[in-house]
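The values are calculated or read from the model by the stated rules, or taken from the named source; none is laboratory data. Computed from a predicted structure; not experimentally measured. Backbone-built Cβ (ideal geometry, glycine too); neighbour counts: all protein chains shown.
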Amino acid sequence: MLTALSLQDSKCRSSLRVVAVLVTAFVLAGCTTTLTESHTGGNAADQSIKLNAANARVVLMPLDIQLSELTAAGLEEPKADWTEAARSHVIDALNAEMSGRGLTLRQYRKPKDRTRQRRDDQIEKLHSKVGGTILVHHYSPMNWLPTKQGKMDWTLGSTARQLGNDQNSEFALFVFLRDSYATGGRKAAMVASTIVGSLIGTPVAKAGERIGFASLVDLRTGDVVWFNVLYSDSGDMREPEPARAVVNDLIAGFPI
Amino acid sequence: MTRTNASVLAAALLLVGACTTTPPEPIADLKPGERPALGTDEAGLWMQMDRVEEKLSTSGRVVTDPALNNYVRTVTCRLSAEYCKDLRLYIVQTPHFNASMAPNGTMQVWTGTLLRVQNEAQLAYVLGHEMGHYIRRHSVQRWRSIRNKTDSMAFFTVTTRMAGLGFVGDLADLAAMASVMAFSRDHERESDDIGFDLMVKAGYAAEEAPKIWMALEAERDAAGAETPSVFFSSHPATDERLATLQARASAQAGRGNTGSKPYAAAIRRYRSAWLRDEVRKRDFEGTRIVLANLLEAGHPAGEIHYFEGELYRLRGDDGDMKQAIGSYRKALASKGAPAETHRALGLMYWKSNQPSLARKSFRAYLAAAPKAEDRAMVNSYIQQLK
Amino acid sequence: MIRKLTALAALLLATACVPSVVATPPQEPIQIGFYSVTPQIEWNRPMLINGEAWTVDGYALQALRFLEVAHGQTLSGEEDPEKKAPVFRKTMLPNEIQEFIVETLAAGGWANVKPKGLKPARFGDLPGFRFNFAMASEDGLEYEGIAYGTVREDTLHVILYMGTRMHYFPKYAKDVEKIFASIRT
């Protein structure tokens with residue numbers, strides 16, 4: 001009864017799961033990898049977008065980040081201290097990387113007014129739906145939508161302009177990261193829970209791996225103008241230097 | 001905790017199996033205003049619950065109405081002024097009896113609970129019980145014992161039972177979250193005691209505490225095995241617990257306030273929407289008990305009979321149309337029948353081939369609700385019936 | 001590298017479950033059961049064996065579904081022997097059909113489903129009904145929708161258009177109105 005009315009396309013979801021299983025299988029085979037693939041899109045899809053570092057105003061939206069420990073029993077135990085450390089390392093690294101390229105990121109200021117808070121909250125929720133849609137319908141060629149003709153053509157719509165006005169910014173950078181670390185001797189159990197995870201259909205970061213995406217939205221139009229997916233089984237975001245390496249990969253291809 | 005995490009957790013636990021038994025370490029009460037130190041497992045649980053809370057707070061299911069929130073909050077603070085500062089209340093629009101407490105002080109009270117408790121004293125007992133879980137830090141104790149695999153099988157059972165109840169969407173998340181909050185019998189006994197002590201200390205009638213239990217058991221028995229209660233899945237009921245509560249209550253009986261009037265006044269504006277959600281559950285026998293209890297508690301007979309009619313109309317078995325008409329007419333003869341009663345009666349008359357009565361009812365509906373959203377449609381019914 | 005992996009995944013799936021998807025020609029009528037509609041714009045239309053579900057930007061953002069529900073079935077066209085899910089009955093009047101759709105959405109995990117403005121509407125040559133609704137997804141993102149339908153030979157035919165309140169619903173709401181007007185029976 002639900003499948004027919006759920007807006008999520010179950011078939012597309014199942015294909016994402018296959019990708020997740022394949023990626024995990026690859027990791028279990030023992031290779032060290034970092035995979036990223038960035039795309040540009042929006043109305044500027046034909047001409048590649050390029051920010052002018054000297055005067056582009058980019059607001060960094062609140063990070064969606066969580067670090068967990070996988071216990072021997074296979075439980076994912078979220079770690080508040082790790083997450084807080086990683087959050088500050090990632091923010092520092094983003095700021096450092098961007099200023100290395102001549103760009104100063106603006107910090108998001110939460111509006112005091114409830115209506116505006118609610119609006120920003122809806123924009124963030126829409127962004128995560130759009131991000132998921134881009135992963136399904138753009139990054140997986142078998143789910144391409146014919147009318148898109150292979151272009152990354154998604155937007156948050158005109159409400160984004162209000163966010164831009166409030167934050168005094170032309171662009172917004174959204175970052176999503178999940179990371180987990182294993183305690184000793186978990187590999188066998190990992191295989192089992194990977195299969196379970198893939199059946200349930202939500203990508204869950206496995207031992208010592210990080211998954212994430214970053215996207216740049218043009219707040220004047222709402223268009224997603226740049227998007228990057230990260231998968232990596234090396235780099236430790238609990239420490240400043242490796243966190244910087246993860247951030248480097250995450251913003252590889254950032255149009256500046 | 002999301003549904004996925006809970007299921008992965010459960011599945012992982014199943015794979016690992018449960019064998020060893022390490023007794024959990026004793027743990028001190030959480031003091032008012034206390035937060036766990038970063039780097040502890042408890043801080044990790046809090047962080048995860050902070051994230052769940054962030055989602056919950058913007059979910060479309062949370063009732064944001066300030067008057068209702070203030071009321072439930074006031075009762076909470078009456079139980080403990082110190083701890084009430086550490087608790088954040090979320091009234092969640094879900095037609096089942098449940099309340100839950102997360103380790104970080106996120107307290108959920110479902111609207112199905114507010115529809116079922118009959119007075120402020122019963123509500124105070126439920127809230128006090130949940131506060132007990134917070135004060136005694138049952139979540140972190142539970143988490144440690146799951147991690148030590150002491151009772152992982154019990155945990156697994158609760159989680160799968162939850163899934164078996166047919167919950168979907170965020171309801172499943174909420175239920176899964178509640179199931180993570182499912183505590184051992186010892187924890188429940190502790191919370192029973194704390195809840196009872198808090199309500200009595202705040203001046204509420206002790207004898208009301210066991211009544212809510214008994215009403216829930218009656219509803220569960222009427223509903224039959226196909227519709228197990230969410231509440232009992234996460235709060236194991238035992239005769240022993242009820243007996244203890246009854247013994248304690250009778251020793252204190254006749255001293256406190258029931259708070260029936262303020263409670264009835266507090267829920268007056270929401271009752272009808274909650275009843276709408278209730279009849280949608282299609283749990284005919286269970287809902288009939290809820291309606292009977294509301295009638296007994298003195299809520300307007302017109303409204304209660306209207307929803308009784310809705311229950312028959314939605315079931316639609318042989319003879320239910322006649323029963324529905326009977327209930328609607330009873331509603332219109334009593335105080336507090338909503339305008340929709342006329343419309344529902346019109347639909348039933350039309351279907352049972354009584355066009356002139358149907359037309360009369362539809363006219364009465366438009367007269368009672370001149371700004372009705374579906375005015376155009378009902379006008380077209382009247383045209384067709386000419 | 002992801003390309004390689006997704007290509008591999010594509011191979012695995014090509015033989016399995018993914019339907020081929022075509023773009024609808026905007027002005028060519030498409031037969032859906034007993035009636036036809038003119039798409040107005042290019043929609044992505046998976047060639048499903050059962051039912052029609054179109055989208056432009058992805059199903060999580062907006063969807064146009066054409067549903068056919070026989071007497072005794074749920075909205076997705078299934079039987080419900082448990083009698084727990086709302087089912088369609090041939091004797092239902094428009095108010096009850098609206099209630100049936102709202103209840104199905106609520107049972108499907110949508111929060112705060114609120115219908116408004118039920119009124120009569122022509123479904124091609126047949127008398128029908130329409131109403132709007134608002135709701136929120138599991139995680140609180142707001143959506144809007146329109147239902148447009150009729151009952152013919154004991155079967156409910158209903159077109160549901162829904163999408164995010166921000167941008168994706170309004171984006172094609174006018175085109176969807178033209179689709180409703182293009183129904184030929």
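Numbers at a glance
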{"read-out": "Exclusive hit being closer than 20 Å to B:Arg282 by Cβ and surrounded by 18 or more Cβ atoms within 10 Å (Cβ to Cβ), set C:Ala111, C:Ala147, C:Ala121", "value": "C:Ala111"}
{"read-out": "Residue ID - nearest to C:Ala134 (Cα to Cα), chosen from residues in segment B:346-378 that are charged (D, E, K, R) and either more than 37 Å from the chain's Cα centre (by Cα) or surrounded by fewer than 22 Cβ atoms within 10 Å (Cβ to Cβ) (or both)", "value": "B:Glu373"}
{"read-out": "Helices (runs of 4 or more DSSP H) contained entirely in segment B:35-121, each with at least 1 residues that are at pLDDT below 85 and farther than 21 Å from B:Glu188 by Cα", "value": "B:41-57"}
{"read-out": "In segment C:103-126, the residues that are more than 13 Å from B:Ala376 (Cβ to Cβ) and within 7 Å of chain B (Cβ to nearest Cβ)", "value": "C:Glu103, C:Ala106, C:Gly108, C:Gly109, C:Ala111, C:Asn112"}
{"read-out": "Selection count, segment C:157-183, where residues are farther than 15 Å from C:Val56 by Cα and surrounded by fewer than 18 Cβ atoms within 10 Å (Cβ to Cβ)", "value": "4"}
{"read-out": "All positions within segment B:86-122 that are basic (Lys, Arg) and either under 10 Å from the mean Cα position of the chain (by Cα) or more than 23 Å from B:Gln141 (Cβ to Cβ) (or both)", "value": "B:Arg116"}
{"read-out": "Contacts under 7 angstrom Cβ, first residue in segment B:44-55 being within 9 Å of chain A (Cβ to nearest Cβ), partner assigned to a helix (DSSP H, G or I), 6 or more apart", "value": "B:Gly44/A:Ala80; B:Leu45/B:Ser139; B:Leu45/B:Val140; B:Leu45/B:Trp143; B:Trp46/A:Ala80; B:Met47/A:Ala80; B:Met47/A:Thr83"}
{"read-out": "Number of the condition not met by B:Met153 [criteria: (1) within 24 Å of B:Ala102 (Cα to Cα); (2) hydrophobic (A, V, I, L, M, F, W, C); (3) surrounded by fewer than 18 Cβ atoms within 10 Å (Cβ to Cβ); (4) at pLDDT 50 or above]", "value": "(4)"}
{"read-out": "Filter pass, A:Val136 being more than 10 Å from chain C (Cβ to nearest Cβ) and either under 18 Å from the mean Cα position of the chain (by Cα) or part of a helix (DSSP H, G or I) (or both)", "value": "no"}
{"read-out": "Unmet criterion (only one of (1) more than 7 Å from chain B (Cβ to nearest Cβ); (2) farther than 16 Å from B:Arg315 by Cα; (3) at pLDDT below 95) for C:Val87", "value": "(2)"}
{"read-out": "Some residue of segment C:90-102 being surrounded by 17 or more Cβ atoms within 10 Å (Cβ to Cβ), more than 10 Å from every other protein chain (Cβ to nearest Cβ) and not hydrophobic (A, V, I, L, M, F, W, C)", "value": "no"}
{"read-out": "Given (1) farther than 20 Å from B:His129 by Cβ; (2) buried (at least 17 other Cβ atoms within 10 Å of the Cβ); (3) charged (D, E, K, R), index of the condition B:Glu54 fails", "value": "(2)"}
{"read-out": "Single unsatisfied condition, C:Phe129 versus (1) at the interface with chain B (Cβ under 8 Å from one of its Cβ atoms); (2) within 21 Å of C:Gly33 (Cβ to Cβ); (3) part of a helix (DSSP H, G or I)", "value": "(3)"}
{"read-out": "Options C:Gly77, C:Gly72; residue that is without any contact (Cβ under 8 Å) to a residue 24 or more places away in the chain and either small (Gly, Ala, Ser) or within 29 Å of B:His342 (Cα to Cα) (or both)", "value": "C:Gly72"}
{"read-out": "Selection from segment C:35-91 of residues that are closer than 13 Å to C:His157 by Cβ and of a type in the set (Gly, Ala, Ser)", "value": "C:Ser36, C:Gly51, C:Ala70, C:Gly77"}
{"read-out": "Failed item, numbered, when B:Tyr381 is tested on (1) farther than 19 Å from B:Arg276 by Cβ; (2) more than 9 Å from every other protein chain (Cβ to nearest Cβ); (3) buried (at least 17 other Cβ atoms within 10 Å of the Cβ); (4) of a type outside the set (A, V, I, L, M, F, W, C)", "value": "(2)"}
{"read-out": "Candidates A:Leu126, A:Leu103 - the one that is in contact with a Leu (Cβ under 9 Å, 6 or more places away or on another chain) and either surrounded by fewer than 16 Cβ atoms within 10 Å (Cβ to Cβ) or farther than 27 Å from B:Arg51 by Cβ (or both)", "value": "A:Leu103"}
{"read-out": "Residue in segment C:157-164 that is more than 8 Å from every other protein chain (Cβ to nearest Cβ) and in contact with a His (Cβ under 7 Å, 6 or more places away or on another chain) present", "value": "no"}
